[in-house]
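This report refers to the structure that appears directly beneath it.
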Amino acid sequence: MERTVRELRSFQSLTLEEYQSPDHRQTRAAVERHFETLTAATVDVAKTICRLESVAVPIHRKDVIRAVESCGIIAVTARKPTRSRVEGSA
């Protein structure tokens, strides 16, 4: 997971405009693949925690995370991107 996070960080310098351009199609695919990998790994860890805490393992990914949160293991907070990132400026 740490390696994947480091690889994702290497793309942070791209603006939204650059990221969405046809020239960066492979970059977008790589970012999406890394994000999916991290999401799957996070859910796998959360399922393991549910089992260890004797909590029923939900079917849906978001519910797995909520189940771990309800045990007091993690605190989930929604973080919205800053306006400059959304608009594509660094």
query: Can you pull out the residues in region 1-39 that are open to solvent by 40 Å² or more (accessible area, probe 1.4 Å), free of Cβ contacts under 8 Å to residues at least 60 places away in the same chain and touching an Asp or Glu at 6+ places or on another chain (Cβ under 8 Å)?
result: His24
message: I'm told Thr42 meets every condition in (1) in contact (Cβ under 8 Å) with a residue 60 or more places away in the chain; (2) open to solvent by 50 Å² or more (accessible area, probe 1.4 Å) except one. Can you identify the failing condition by its number?
response: (1)
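The values are calculated or read from the model by the stated rules, or taken from the named source; none is laboratory data. As the structure is a prediction and not an experimental result, all values here were calculated from the model. Cβ sites come from the backbone with ideal geometry, for glycine too, and all protein chains shown count toward neighbours. Side chains are part of the model used for accessible areas, which takes the heavy atoms of the whole protein and leaves out ligands, DNA and RNA. Shrake-Rupley method; radii C 1.70, N 1.55, O 1.52, S 1.80 Å.
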